[in-house]
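Please read the structure below before turning to the comments.
The values are calculated or read from the model by the stated rules, or taken from the named source; none is laboratory data. If you're wondering where the values come from, they're calculated on a predicted model, not measured in any experiment. All Cβ positions, glycine included, derive from the backbone under ideal geometry; neighbour counts span all protein chains shown. Please note that ligands, DNA and RNA were not included when accessible areas were found on the heavy atoms of the full protein model with its side chains. Shrake-Rupley method; radii C 1.70, N 1.55, O 1.52, S 1.80 Å.
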Amino acid sequence: MKKLSEYIMFICPGHMSSGRAYLCRAWIKLSVIATILISGCIDNTYKAPATSCEEDSLKANTTFAGIRELYKDEVIRITEDLIIEGYVISNDKTGNFYGTLHLQDQPEHPKEGFQVDIDVRDYHLLYPVGKKVLIRLKGMYLGKSRGVFKAGGVFTNAGGTLSVGRLPASQVNEHIFVSCDEPGEIVPEMTTIEALNDEMINTLIQLNNMEISPEDMCQPYAVAGENGTDRVLRDCNEQEIILRNSGYADFQPEILPRGNGTVTAVLGKYNNKYQLIIRDTNDIKLNDGRCGGVVYSCNPPGANATLGYVRAMYQGKAVNISENIKVRATVISDRNFKNTDSLTAVIQDKTSGIVCEFTSEHALDLGDEVELTLLNTTLEEINDLLYIKNIPPENIISAVPGTLPEPESISLSDSLNVYESRLVTIGNIQFETPGVTYSGIQTLTDCTDELKMFTREEAVFAGDTVSSKKGSITGIISKNKNEYHLRIRNPDDIYFTEDYEDCLGGTNLMITEYAEGSGYNKYIEIYNAADVNIDMSGYVLGRDYDGDGNYEYTLNLSGNIAPGEIAVYAHSRAEIFQGEITDTHGSALGFNGNDQVVLMKNNNIIDHMGIPGGENWGVDKTLRRKTDISVPNISYNENEWEEYPQDNISGLGIR
């Protein structure tokens, strides 16, 4: 049976370069060891593969600084036989480094560092920390990315420009050679945040009196699955620096330490900001007391704050909550009907209510009693509505079915600011415009005061028609740009059983004739069926386009109209009516038979003609309202009208 050394000599012949032969032998031995481990025929002690080297003839002939001087603002291919040497300071064993090999020129008190991108996993087995390596740069590419020089392979960007990428694994052993020297000790350079400079990039440094910022306290090293998560370190002078951690590192889920101490890391830079990259958690030793004696606990206490207390923390500008407080409240919004977006929930306790915005979709249902820790969240107003923002889902300590708070009974004349984000009930109320859909903004009225109601177009019931009756409504008081409005959770919040009330007391104008004649012969007749004079200011005649419900073509009415009096309005180019015309307008009276026509008072529809959706309900005809109809109708009813042929205006101006 052949010995392992004989197989190695066969596969890795002597004519190979020394560095390449070293890599070849190392990989074969690793493969053999892996095979033995899988078969279970080896103990649990890992022994690094033996090394062999023949690189005495390979000598460095330039420095890191000399290589950087070759760069002239664009990626270049190195054509000279240049060789640099350095000491490995990075380690990819935990996965916080991936495909980047970092070197400095001396084991202690380095003057400069360098980065080489390689497509090799577990390179720590070949290039352990402290190992001296030599890099033959001929054929490699040199570039600068966001302030950091590096060498490696190359790839072409979408615009045709070149960028330095990882050196392919098949080429690594042609460029990277390992010294025969045993790995030495790398002594990190002690420094401060203020003393950092670009000469220290890609060297191992140590910062003292460091601690995790309050904003990142009790968070994991990184967000799982993110290529990089920025955490903030600061010293006792409140100078800050970024700690960059991979979401794929072995230590990703571990909670950041809470004390003060030393941080050892490879110094990097991204654009104009320095950042630290640790090899493993042994590089962070934060075991002493924090600056100022502040003590943090990552174990949330029992509920120790009310929503009233939380709201009082807001004093007109965003607040980062650094207290480790917890609230207990009930969810009063209903995610299943989608009248709130998937990231938000409204909660209420005995003192107040507030909107919570999570960093990802939550699973809180209407009526859930939720315990929530607020550490590292933010209090902020969005369009004048107060939110708790940036809540990670893991801040939800518990959520169990509970009991909804009793809605507070209010009237439209009450001051609504005390009810913001709370559940209320309003009685003796109706929609000002029945027959419309929920979607968007609708007006609620008690015939004295008004309140807007908002429904998201994504809500399950957005396309349903609002009730034409009167009664009570339950919902959440919300706010947008200093104006309060109501938001219902689902259609069950509306309990309208009483007859609709004519808030205007019958003193309305009404449309009594519609003529869609030939050419521009378009006419509308308006009649005062009341027994009082009516001031027409505030009334508007409008039409939409092809039944789209957007009444953007309008004519503002003016003057007074006596009881039983008629006003005739015509297209500005109409010509067949010889009687008195009150006013003309080209756009508002430019209907063509599939446009809806409305009469509005104070922006509310009081009389309506037509069918939505572009149906040709009024083409080439005259419609005259029956004389026994004496009140307007916000919903078009063709049974109220008599039809006459096109251009028949014999009754226009007569009632």
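Residues being open to solvent by less than 60 Å² (accessible area, probe 1.4 Å) and touching a residue at least 60 places away in the same chain (Cβ under 8 Å): count how many of those fall in region 569-589.
3
Go through region 637-655 and report how many residues are open to solvent by less than 50 Å² (accessible area, probe 1.4 Å) and part of a loop (DSSP other than H, G, I, E, B). Let's see the steps before the verdict.
Within region 637-655, the subset open to solvent by less than 50 Å² (accessible area, probe 1.4 Å) is 640-641, 648-649, 651-653.
From what's left, part of a loop (DSSP other than H, G, I, E, B): 648-649, 651-653.
Number satisfying all stated conditions: 5.
Quick check, is Ala158 surrounded by 21 or more Cβ atoms within 10 Å (Cβ to Cβ) and either modelled with pLDDT under 95 or under 36 Å from the mean Cα position of the chain (by Cα) (or both)? Write out each step before concluding.
Numbers: surrounded by 21 or more Cβ atoms within 10 Å (Cβ to Cβ): no; either modelled with pLDDT under 95 or under 36 Å from the mean Cα position of the chain (by Cα) (or both): yes.
Spelling it out, it is not the case that Ala158 is surrounded by 21 or more Cβ atoms within 10 Å (Cβ to Cβ) and either modelled with pLDDT under 95 or under 36 Å from the mean Cα position of the chain (by Cα) (or both).
Do you know which of the residues in region 175-218 that are more than 43 Å from the chain's Cα centre (by Cα) and acidic (Asp, Glu) is nearest to Asn324 (Cα to Cα)?
Glu185
Hey, can you tell me all the residues within region 425-440 that are on the phi > 0 side of the Ramachandran plot and open to solvent by 30 Å² or more (accessible area, probe 1.4 Å)?
Step one: list which residues in region 425-440 are on the phi > 0 side of the Ramachandran plot, which gives 428, 435, 440.
The answer is Asn428, Gly435.
Can you name the residue in region 475-490 that is under 15 Å from Gly367 (Cα atoms) and of a type in the set (Val, Ile, Thr) and is also surrounded by the most Cβ atoms within 10 Å (Cβ to Cβ) among such residues?
Step one: of region 475-490, the residues under 15 Å from Gly367 (Cα atoms) are 475-476, 488-490.
Next, only the ones that are of a type in the set (Val, Ile, Thr) stay: 476, 488.
Values: Ile476: 26, Ile488: 21.
Restricting to residues being under 15 Å from Gly367 (Cα atoms) and of a type in the set (Val, Ile, Thr), the top hit is Ile476.
Is one or more of the residues making up region 210-217 assigned to a strand (DSSP E or B), more than 21 Å from Gly95 (Cα to Cα), modelled with pLDDT of 95 or more and touching a helix residue (DSSP H, G or I) at 6+ places or on another chain (Cβ under 7 Å)?
So far as region 210-217 goes, yes, one or more of its residues are assigned to a strand (DSSP E or B), more than 21 Å from Gly95 (Cα to Cα), modelled with pLDDT of 95 or more and touching a helix residue (DSSP H, G or I) at 6+ places or on another chain (Cβ under 7 Å).
Do you know which residues across region 111-123 are buried (at least 18 other Cβ atoms within 10 Å of the Cβ) and farther than 18 Å from Glu174 by Cα?
First pass over region 111-123, keeping only residues buried (at least 18 other Cβ atoms within 10 Å of the Cβ): 112-118, 120, 123.
Those that are buried (at least 18 other Cβ atoms within 10 Å of the Cβ) and farther than 18 Å from Glu174 by Cα: Glu112, Gly113, Phe114.
Here are some residues: Asp92, Asp117. Which one is closer than 16 Å to Asn202 by Cβ and without any contact (Cβ under 8 Å) to a residue 40 or more places away in the chain? Let's see the steps before the verdict.
Values: Asp117 fails: without any contact (Cβ under 8 Å) to a residue 40 or more places away in the chain.
Every option except Asp92 fails the conditions.
Lys317 - would you say it is in a loop (DSSP other than H, G, I, E, B), open to solvent by 30 Å² or more (accessible area, probe 1.4 Å) and either within 29 Å of Ser360 (Cβ to Cβ) or touching a strand residue (DSSP E or B) at 6+ places or on another chain (Cβ under 9 Å) (or both)? Break it down stepwise before answering.
Values: in a loop (DSSP other than H, G, I, E, B): yes; open to solvent by 30 Å² or more (accessible area, probe 1.4 Å): yes; either within 29 Å of Ser360 (Cβ to Cβ) or touching a strand residue (DSSP E or B) at 6+ places or on another chain (Cβ under 9 Å) (or both): yes.
So Lys317 fits the description; yes.
So, of the residues in region 446-473 that are surrounded by fewer than 19 Cβ atoms within 10 Å (Cβ to Cβ) and of a type in the set (S, T, N, Q), which turns out to be modelled with the lowest pLDDT?
Within region 446-473, the match that is modelled with the lowest pLDDT is Thr448.
Could you list, in sequence order, the residues of region 373-382 that are crowded, with 20+ Cβ neighbours inside 10 Å and either part of a loop (DSSP other than H, G, I, E, B) or at pLDDT 95 or above (or both)? Talk me through it step by step, then tell me what you get.
Taking region 373-382 first, the residues crowded, with 20+ Cβ neighbours inside 10 Å are 373-377, 379.
Those that are crowded, with 20+ Cβ neighbours inside 10 Å and either part of a loop (DSSP other than H, G, I, E, B) or at pLDDT 95 or above (or both): Leu374, Leu375, Asn376, Thr377, Leu379.
So Tyr520 fits all but one of (1) in contact (Cβ under 8 Å) with a residue 40 or more places away in the chain; (2) out of contact with any His (no Cβ under 7 Å at 6 or more places or on another chain); (3) part of a loop (DSSP other than H, G, I, E, B); (4) among the hydroxyl-bearing types (Ser, Thr, Tyr); what number is the exception?
It is condition (2) that Tyr520 fails.
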